[in-house]
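Take a look at the structure set out below.
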Amino acid sequence: MHNNWMRRQRMLGYIFVGPNMLGVLLFFLIPAVYSFGLMFTDYKFMNPDMTFIGLDNIKRLMKDPLFFLSLRNTLIFLLAVPVSIVLGFIVAVILNQKIYLKKLLRGLYFMPYITSGVAVAFVWMLLFQPNQGPINGLLRSIGVDNPPGWLSTTTSSMYAIDIIWIWFMLGYNMIIYLAALQEVSSELLEAAKIDGARPLQILRRIIWPLVSPTTFLLLITGLIMAIKTFGIIQATTQGGPGNSTTILSLYVYQNAFRYYDMGYAATVSWALFAIILLITVLQWVGQKRWVHY
Amino acid sequence: MEVKKRLSILQPGSLLITIIMLALAVVMIIPFLWMISTSLKTPAEVFKYPIEWIPSNLTWEHHQKVWSGAKSFGTYYLNSLKISIIGMVGATFLSAFAAYGFARIEFKGRNTLFLLYLSMMMIPPQVLFVPKFIMFEWAGIYNTHLALILPGLFTIFGVFMLRQFFLSIPNEISESAFIDGAGHFRIFFRLILPLAKPALATLAIIDFSWQWNDYENALVFLIDENLYTVPLGLQNFILENTVDYNGMMAAASAGIIPMIVVFAIGQRYIIQGLTNSAVKG
């Protein structure tokens, strides 16, 4: 009798997990499998007859200059991740000192992260305005005769997006580092100081290695998060000028909902997945090798 | 000299550092200040340099334009509120329910299922856009709010985060209730949920901000303007008023200010939740 009850209680596990599982099945698993299948078809929205075309989409991908351009743009975009991590670390170390208004400062640095990327992107669009915008106004007033065109020229546009992303992510990285710094033992730092270590030495030789697990985590999650985004780019440049800000995630969106070339869009999206998979595998391998505990 | 209780690496005056950091923080929020200031200016003053932070001809006309007329932000707000609130409540509850199952009931296949969950986190939303579009079209919910609400009810991150929290609640608490004859349902509703209030609040706030800020799904699944959420409405406004910079900034303020308010109220929970899931997860 009692055993029976225990067993029934254990069966309740499925009831607890079930509803959520159903959603994951419907909105994640089935679409993922479906998408994988689409990769081998020529499905287009306008022409609903689906034909199996084998590996043609993948062959097309390998010869698609726009795919490689968007891959390159994605890599430039990802440069923003380590930069925002280092800056977040520096701000966190300073905010961890004896200073006033700590909470207010923390809130101010964090603020960009909680606001909608799209709304903020529109503000940056005007700030970056090449002819009259306030950023170039400032640059001209301090004697820069030819300030960059920011979002409006093909050579600078991706870096302008990087600046927005660094600004957006800095506060998040800072918050996570602040939590990690609480775990750094103050006795250790005290001992180092007594031994005559200079502040920058302590920072580089003790604190930075001690928070390396956090750095690693931020790097991996930051890269994955950046790879999945296209909102701020779609809102500001729509991938332009001249595809110079078309990153992979945006290229998927364009193929699917601008050209309605859905089979090919699915193929590009799995290339995106392959990169995420690669980063995740690096995480497994790297965690053991590069992180100092 | 007094013995220092807290260690500081940079010795000279905390006040000086505070001032420097405050100045840098102001640089960080300059985009917001500029946005608000511009939304209250006249068109001629937008790009005047040096910047007039407090406009001499202060006007509310641009904010009025955003909030009135056929394409009022009022509609977008109601749509966004509806989607975000239903999503937030549903996702928080469903996550808690599943997280309890994963954390505190030992059933067959649990670990395999959880691994499957985690692997789903790796799949970028772009992979799912096309099949979801086809499925929603087929089910007749494409271009309706259901296309955002239904998937919004399920968050893998939420299950993961609450599972971590439930695991940290000592087992003895539910064991003694178990001996008293309470089943899992009673333990979940009467014991665990009340204990998990801070974690639930954290998830609710984070989830709300995600749903409120979600632009990409709305872009893919909504067409009719009267269904638009705030980010889409904002984009629409900007596409239709490309030279009205004051109006654009008034619209951007409408999109941003609610999140700043939510953040000001829930800062503690948001920060706690993000750090817990990152550092201890």
Seminar exercise, completed: The number of residues in the stretch B:88-113 that are over 21 Å from B:THR202 (Cα atoms), facing chain A (nearest Cβ under 9 Å) and assigned to a helix (DSSP H, G or I) is 2
For this session: Could you give me the residue pairs with C-beta distances under 6 Å whose first residue belongs to the stretch A:13-42 and is of a type in the set (D, E, K, R), whose second residue is part of a helix (DSSP H, G or I) wherever it lies, and which are 6+ apart or on separate chains?
Result: A:ASP42/A:GLY263
For this session: May I ask you to verify whether B:ASN276 is surrounded by fewer than 16 Cβ atoms within 10 Å (Cβ to Cβ) and either within 17 Å of the chain's Cα centre (by Cα) or away from every other protein chain (no Cβ under 12 Å) (or both)?
Result: no
For this session: Collect the residues in the stretch B:211-238 that are more than 10 Å from chain A (Cβ to nearest Cβ) and more than 16 Å from B:ASN143 (Cβ to Cβ), keeping them in residue-number order.
Result: B:GLN211
Exercise. With B:SER168, B:SER176 as the choices, which residue is farther than 20 Å from B:LEU274 by Cα, more than 11 Å from chain A (Cβ to nearest Cβ), among the polar types (S, T, N, Q) and without any contact (Cβ under 8 Å) to a residue 12 or more places away in the chain?
Worked result: B:SER176
Problem set entry | Filter result for A:ALA226 (crowded, with 22+ Cβ neighbours inside 10 Å, of a type outside the set (Ser, Thr, Tyr) and either at the interface with another protein chain (Cβ under 10 Å from one of its Cβ atoms) or within 30 Å of A:GLY149 (Cα to Cα) (or both)) | no
For this session: Kindly indicate whether any position in the stretch B:185-197 is in contact with a His (Cβ under 8 Å, 6 or more places away or on another chain) and either surrounded by fewer than 21 Cβ atoms within 10 Å (Cβ to Cβ) or among the polar types (S, T, N, Q) (or both).
Result: no
Seminar exercise, completed: Scanning the stretch B:239-256 residue by residue, the ones that are more than 9 Å from chain A (Cβ to nearest Cβ) and of a type outside the set (D, E, K, R) total 7
Seminar exercise, completed: So, first residue within 7 Å of chain A (Cβ to nearest Cβ) in the stretch B:15-43, second residue small (Gly, Ala, Ser), Cβ within less than 8 Å, six or more apart or across chains; the pairs are B:MET28/A:GLY171; B:MET35/B:ALA252; B:MET35/B:SER253
For this session: May I ask you to list the residues in the stretch B:124-173 that are outside any helix (DSSP H, G or I) and within 20 Å of the chain's Cα centre (by Cα)?
Result: B:PRO124, B:HIS145, B:LEU153, B:PHE154, B:THR155
Exercise. Got a sec? Which helices (runs of 4 or more DSSP H) wholly within the stretch A:100-157 have at least 1 residues that are modelled with pLDDT of 90 or more, facing another protein chain (nearest Cβ under 8 Å) and over 23 Å from A:ILE247 (Cβ atoms)?
Worked result: A:102-114
Exercise. Taking the condition loosely packed, with under 15 Cβ neighbours inside 10 Å and of a type in the set (Gly, Ala, Ser), does A:GLY54 pass?
Worked result: yes
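The values are calculated or read from the model by the stated rules, or taken from the named source; none is laboratory data. This is a predicted model, so every value here is computed, not measured. Here Cβ is always computed from backbone atoms with ideal geometry, including for glycine, and neighbour counts include all displayed protein chains.
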